[in-house]
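Report on one structure; see the data block that follows.
The values are calculated or read from the model by the stated rules, or taken from the named source; none is laboratory data. This one's a predicted model, so the numbers in the text were calculated from it and none came from an experiment. Cβ: placed from backbone, ideal geometry, glycine included. Neighbour counts: every protein chain shown. For the accessible areas, the whole protein counts, side chains as well, though only heavy atoms, and no ligand, DNA or RNA atoms are used. Shrake-Rupley method; radii C 1.70, N 1.55, O 1.52, S 1.80 Å.
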Amino acid sequence: MTSVLLRTVRRVGTSGAPSDVLVIDGRVAAIGPAGTIDAPSGSEVTTEVVEADGAWLGPGLRDHHVHFDQWALMRQRIDVQDCASAEETADRLAEAARTALPDRVLVGHGYRDGLWPAPARRELLDRAAPGLPVVVVAADLHAVWCNTRALAHFAAALGRALPAGEDGVLREQDAFDVTGALSRVPDELLDAAVEEAVDAATRRGVTGVVDLEMVFGLDRWARRIAAGTGAIRVASGVYPGELDGVLARGLRTGDVVAGTRGLLTMGPFKVITDGSLGTRTAATSDGEGLLTWTPEDLVPVLRRAVAAGLVPAVHAIGDRAVTLALDAFETVGTRGTIEHAQLLQPDDVPRFARLGVIASVQPEHAMDDRDIADHHWAGRTDRAFPFAALERAGARMQLGSDAPVAPLDPWVALAAAVGRDRDGRDPWHPEQRMSALAAWRGSTDGRVGVAVGDVADLVLVPSDPLTASSAALRTMPVLATAVAGRWTHRAL
């Protein structure tokens, strides 16, 4: 038997009175006032005693929407997020091309062209790296900007022509196919990148993620865990293209995969029904954007997945897409999540709670896209990212990053949720701030504090996250992270 005794902690969700917390074999076994709990005795017991000195203890943090492989690979790509024009982006790629290896695809990540003074043009990337295929992935993942060599390269890899115009930009499914091809690297390289990203996540208090990578990842995660990647819990989702294979294996949402020490479970069934704000393809009620699944097609595929035990996670960003997604949930008679829910009709807000549909939101997107929303959703931003309205209506919310769209850092999401501010700017629609309690619940498995009997997925921080300012949350130091009572990060 192994145990950990945390002395003099303050528990999130309480008055903050110092406590001792005892963890035995991965579960919280006892909680009492500071100085009242002793380490278990006996030759068969090994106890580690940690003096926490009044640090705050809470449930481990979860990111409820990530694309983990893409996040891991993005960390090794050329960052162009701060580029304010197509020309500036091309210049940065040209600089990187000077030291790039020949015959390698040069990949940038994070362009946001919604407010660029002039659109992307293929010729800019052709001139930037005339001897290399060049791809720049949009920050929202819904578009890729390619040069001529890259278009030819990926047309050959995908076995079909790619319908890029003079701008060299591919959108939606064509973009997803290219980013999927970019992610097909040797297992050892991808797994090494993932291991580094997992380590970074644990340093921010992450104990679990919902991985919605666009290529089914359950077997990749099982391989990684068998090889020793055991620092986070993963729920791995599936998309329609691979639904048949999941159903043939009898996998249901929540099923624990054998041989993974309880760390890997089958995740939700993901369907993308519209585009994005940044790429201007979100389906809105004024007829803008792109609806990628009609109700006539969406309802049958949801019924099939639900009947087999899969919980739906439906991507819907624009208000038209959200309405149709809620209609589909109501028709099928199932619960699940709507991913993003960035623009809502007022009448749809109470439907989330009534139907038992969770709003799975990514608050940092509101900070990244506030100027784009003010421009492209002018006159409607009072109902964009409407966290407070959803909370008042009784909707359950889960927080995530959509990494690599935003950093895989729950403290960033918490700060954006409760502050609606960043970079010294005034809060954007502060009337839609989420309460600290709702944001905290949305960043865990739904718990606020730690109780006897809980699995000991834990995070230890120096101050109370329920009373911290948004600025303090954004830079919150993490003293320790544990999964099932085992330290995955420790700085005390």
- Message: Apply the a/c threshold of 1.5 to the C-alpha gyration tensor of the chain and tell me whether it is rounded, prolate or oblate.
- Response: prolate
- Item | Rounded FRET efficiency, nearest 0.05, which uses the C-beta distance separating THR331 from ASP199 and R0 of 45 Å | 0.55
- With x for Gly and Pro, the residue-by-residue ³J(HN,Hα) of segment 321-335, computed from phi through the Karplus equation 6.51 cos²θ - 1.76 cosθ + 1.60 at θ = phi - 60° and given in whole Hz, is 5, 5, 4, 5, 5, 4, 4, 5, 4, 5, 5, 6, x, 10, 9
- Task: Could you pull out every residue, at least 5 positions away or on a different chain, whose amide H is within less than 5 Å of the one on ARG27? Hs are placed 1.01 Å off N in the peptide plane, and Pro or chain starts have none.
- Result: ALA456
- Rounded to the nearest 10, the angle in degrees between the Cα long axis of helix 86-97 and the longest principal axis of the Cα atoms of the chain comes to 70 degrees
- Given a cut-off of under 8 Å on Cα pairs at least six residues apart, what relative contact order in percent is computed for segment 1-158? 16 percent
- Query: For helix 173-182, what angle does its Cα long axis make with the longest principal axis of the chain, in degrees from 0 to 90 and rounded to 10?
  - Reply: 70 degrees
- Query: Measuring from label point to label point, each 7 Å out along Cα→Cβ, what is the ARG392 to ARG304 span in nm?
  - Reply: 4.2 nm
- Express the accessible area of the chain per residue in Å², computed with a 1.4 Å probe while the remaining protein chains stay in the model. 38 Å²
- Taking a label point 7 Å from the Cα of LEU115 along the Cα→Cβ vector, which residues of segment 374-408 have an amide N closer than 14 Å to it? 374-378
- Given the chain, what percent of its DSSP beta bridges are antiparallel, to the nearest 5? 45 percent
- Task: Give a residue-ordered list of calculated ³J(HN,Hα) values for segment 232-244 (Karplus: 6.51 cos²θ - 1.76 cosθ + 1.60, θ = phi - 60°; whole Hz; x for Gly, Pro).
- Result: 9, 8, 10, 9, 9, x, 9, 9, x, x, 10, 4, 4
- Query: Assuming R0 = 25 Å, what is the FRET efficiency of ASP286 and ASP382, from their Cβ-Cβ distance, to the nearest 0.05?
  - Reply: 0.95
- Note on the structure: With label points set 7 Å from each Cα along the Cα-to-Cβ direction at ALA471 and GLU48, the distance between them in nm comes to 3.5 nm
- Item | Most to least packed among 97-107, 268-278, 321-331, 286-296 [average Cβ atoms within 10 Å] | 268-278, 321-331, 286-296, 97-107
- Message: Rounding to the nearest 10 and keeping the result within 0 to 90°, find how far the Cα-based axis of helix 187-202 lies from the longest principal axis of the chain.
- Response: 50 degrees
- Query: Excluding GLU195 itself, what net charge comes from residues whose Cβ is under 11 Å from its Cβ, given Lys and Arg +1 and Asp and Glu -1?
  - Reply: -3
- Taking the simple approach of a point 7 Å from Cα along Cα-to-Cβ for both ASP423 and ASP244, what is their distance in nm? 4.6 nm
- Task: Collect residues whose amide H, placed 1.01 Å from N in the peptide plane, falls under 5 Å from the amide H of ASP167; neighbours closer than 5 in sequence don't count.
- Result: ARG122
- Message: So if I place +1 on the C-beta of Lys and Arg and -1 on the C-beta of Asp and Glu, and nothing else carries charge, what would the dipole magnitude of the chain be about its Cα centre? I want it in debye, nearest 20.
- Response: 840 debye
- Using alpha-carbon positions, the gyration tensor of segment 1-96 gives root eigenvalues a ≥ b ≥ c; with a/c under 1.5 called rounded, otherwise prolate if a/b exceeds b/c, else oblate, the class is prolate
- Residues in segment 102-146 that a label on VAL185 would reach, taking backbone N under 14 Å of a point 7 Å out along Cα→Cβ: 104-109
- Message: Please report the carbon-and-sulfur percent of the accessible area for segment 167-326; probe 1.4 Å, protein heavy atoms only, DNA, RNA and ligands left out.
- Response: 54 percent
- Query: Got a sec? Charge dipole of the chain, +1 on Cβ for Lys and Arg, -1 for Asp and Glu; which of GLY168, HIS489, ALA157 is way out at the positive end?
  - Reply: HIS489
- Report, by chain and number, residues whose modeled amide H sits under 5 Å from the one on GLY32, excluding near sequence neighbours (fewer than 5 apart, same chain). ASP20
- Only helical DSSP H runs with n ≥ 4 go in: add -39500 (n - 2.57) per run for the chain, normalise by residue count and round the 222 nm mean residue ellipticity to 500 deg cm²/dmol. -8500 deg cm²/dmol
